[in-house]
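The values are calculated or read from the model by the stated rules, or taken from the named source; none is laboratory data. Predicted model, so just to flag it, every value in this text is computed and none were measured. All Cβ positions, even for glycine, are placed from backbone atoms using ideal geometry, and neighbour counts span all protein chains on display. Areas reflect the complete protein model, heavy atoms only, side chains present, ligands, DNA and RNA absent. Shrake-Rupley method; radii C 1.70, N 1.55, O 1.52, S 1.80 Å.
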Amino acid sequence: MRLVDTHCHLDGHYFPDGPQGPIERARAAGVCGFMVIGVGNTMQQARDALAIAKSYPSYVTAAVGIHPHDASTFDADAERELESLGRAPEVSAIGEAGLDYHYDNSPREVQREVFARAIALAKQIGKPLVIHTRSAAADTLELLEREGARDVGGIIHCFSEDMAFATRALDLGFSISFSGIVTFKNATSIHEVAKSAPLDRILVETDSPYLAPIPFRGKSCEPAMVVHTAKRVAELRGITLEALAEATTANAERLLGRTFAFAER
Ligand SMILES: [Zn+2]
Ligand SMILES: [Zn+2]
């Protein structure tokens with residue numbers, strides 16, 4: 001089995017002992033690839049994510065971006081550095097970027113402005129977007145539409161919206177990535193989307209170190225746990241875990257424009 005964890009945070013901010021441990025445990029569980037997300041209130045996490053991708057080039061890629069939480073820290077210097085990091089060949093996507101009106105850590109108008117700049121940057125560089133959206137569905141879709149995100153497409157990460165949102169996101173050329181939330185019993189609208197979204201447009205992720213799937217809920221999450229998320233999506237769709245893994249990995253490779261494989265040791 002080959003699974004790709006399309007969204008994990010493995011930089012030193014979260015894993016001070018380095019990414020080797022979680023990567024090795026994931027490998028033992030059947031994970032063949034990772035997209036490490038580099039976001040933070042400085043560009044350090046983006047630099048770290050790129051460094052991890054460079055250290056493990058055959059199975060780790062990076063996304064670099066500006067999280068809506070940190071939108072108010074995004075200045076001209078950060079934007080310049082993000083552009084140069086984003087152009088690195090080891091970077092497959094721009095993000096996560098988007099809107100988070102649940103925490104409102106940055107003022108909403110600043111979040112919208114910075115989100116629009118991230119979309120523009122992705123289009124300029126020609127790489128797909130990784131979208132974070134929470135309690136901001138209408139504005140997220142409106143910005144994606146207005147700023148022409150369709151040109152690059154990308155991933156709605158940690159999908160936690162409903163069928164209406166999924167339909168519009170799919171129409172905009174985005175794929176849908178399920179996290180541990182899909183294993184939660186009460187996540188019925190997410191279950192609906194997991195059942196009916198086209199098989200060639202879905203992905204799986206952990207969002208490590210957050211959102212551990214059942215049976216690890218409440219524990220720190222790491223990429224090995226993506227197997228449980230994949231299992232639940234497979235069960236909802238009535239297909240085998242192997243078939244789900246094969247499809248989502250092919251989707252990740254197509255979308256990110258690269259393959260993932262652990263080098264022979
Ligand atoms: Zn996120
Ligand atoms: Zn994230």
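On inspection, Pro223 qualifies as in contact with a Pro (Cβ under 7 Å, 6 or more places away or on another chain) and under 19 Å from Asn251 (Cα atoms). Tallying residues that are at pLDDT 95 or above, open to solvent by 20 Å² or more (accessible area, probe 1.4 Å), not polar (S, T, N, Q) and not in a helix (DSSP H, G or I) within the stretch 234-261 yields 4.
I'm checking my understanding of the structure. Among residues of the stretch 72-86 that are in contact with a Leu (Cβ under 9 Å, 6 or more places away or on another chain) and aliphatic (A, V, I, L, M), which one is most open to solvent (accessible area, probe 1.4 Å)?
Leu85
Note on the stretch 130-143: among residues that are of a type outside the set (Val, Ile, Thr) and closer than 23 Å to Ala46 by Cα, the one that is farthest from ligand 1 (Cβ to nearest atom) is Arg134. Checking the stated criteria, Ser58 turns out not to satisfy the condition of being outside any loop (DSSP other than H, G, I, E, B) and surrounded by fewer than 23 Cβ atoms within 10 Å (Cβ to Cβ). Going by what's in this entry, would Ala116 be described as at pLDDT 95 or above, under 27 Å from His191 (Cα atoms), open to solvent by 10 Å² or more (accessible area, probe 1.4 Å) and small (Gly, Ala, Ser)? For Ala116, the condition - at pLDDT 95 or above, under 27 Å from His191 (Cα atoms), open to solvent by 10 Å² or more (accessible area, probe 1.4 Å) and small (Gly, Ala, Ser) - is not met. Can you pull out the residues in the stretch 87-113 that are farther than 22 Å from Ser179 by Cα and either open to solvent by less than 40 Å² (accessible area, probe 1.4 Å) or within 16 Å of ligand 2 (Cβ to nearest atom) (or both)? Ala88, Asn105, Ser106, Gln111, listed by residue number. Taking the stretch 5-31 as the range and being in contact with a helix residue (DSSP H, G or I) (Cβ under 7 Å, 6 or more places away or on another chain), open to solvent by less than 20 Å² (accessible area, probe 1.4 Å) and either free of Cβ contacts under 8 Å to residues at least 60 places away in the same chain or more than 15 Å from Lys54 (Cα to Cα) (or both) as the test, the residues that pass are Asp5, Thr6, Cys8, Asp11, Pro22, Ala26, Gly30, Val31.
Residues are listed down the side, and each one gets a yes or a no for (1) closer than 22 Å to Ser92 by Cβ; (2) within 17 Å of the chain's Cα centre (by Cα):
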{"site": "Ile190", "(1), (2)": "no, yes"}
{"site": "Leu203", "(1), (2)": "yes, yes"}
{"site": "Thr206", "(1), (2)": "yes, yes"}
{"site": "Pro213", "(1), (2)": "no, yes"}
{"site": "Glu235", "(1), (2)": "no, no"}
{"site": "Gly238", "(1), (2)": "no, no"}
{"site": "Ala250", "(1), (2)": "yes, yes"}
{"site": "Arg254", "(1), (2)": "yes, yes"}
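Looking at the stretch 39-54, can you tell me whether even one residue there is part of a strand (DSSP E or B) and either open to solvent by less than 30 Å² (accessible area, probe 1.4 Å) or farther than 22 Å from Ser160 by Cβ (or both)? Within the stretch 39-54, not a single residue is part of a strand (DSSP E or B) and either open to solvent by less than 30 Å² (accessible area, probe 1.4 Å) or farther than 22 Å from Ser160 by Cβ (or both). Does the stretch 199-207 contain any residue that is in contact with a Ser or Thr (Cβ under 6 Å, 6 or more places away or on another chain), open to solvent by less than 20 Å² (accessible area, probe 1.4 Å), acidic (Asp, Glu) and within 14 Å of ligand 2 (Cβ to nearest atom)? So far as the stretch 199-207 goes, yes, one or more of its residues are in contact with a Ser or Thr (Cβ under 6 Å, 6 or more places away or on another chain), open to solvent by less than 20 Å² (accessible area, probe 1.4 Å), acidic (Asp, Glu) and within 14 Å of ligand 2 (Cβ to nearest atom). When only residues in the stretch 119-175 that are surrounded by fewer than 22 Cβ atoms within 10 Å (Cβ to Cβ) and polar (S, T, N, Q) count, which is nearest to the chain's Cα centre (by Cα)? This residue is Ser160.
Residue by residue, here is whether (1) part of a strand (DSSP E or B); (2) in contact (Cβ under 8 Å) with a residue 12 or more places away in the chain holds:
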| position | (1), (2) |
| --- | --- |
| Asp77 | no, no |
| Leu82 | no, yes |
| Leu85 | no, yes |
| Ser92 | yes, yes |
| Ala97 | yes, yes |
| Tyr103 | no, yes |
| Val110 | no, yes |
| Leu121 | no, yes |
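Here the stretch 214-233 is the region considered, the condition is being away from ligand 2 (no atom under 15 Å from the Cβ) and modelled with pLDDT under 95, and the residue that is most open to solvent (accessible area, probe 1.4 Å) is Arg217.
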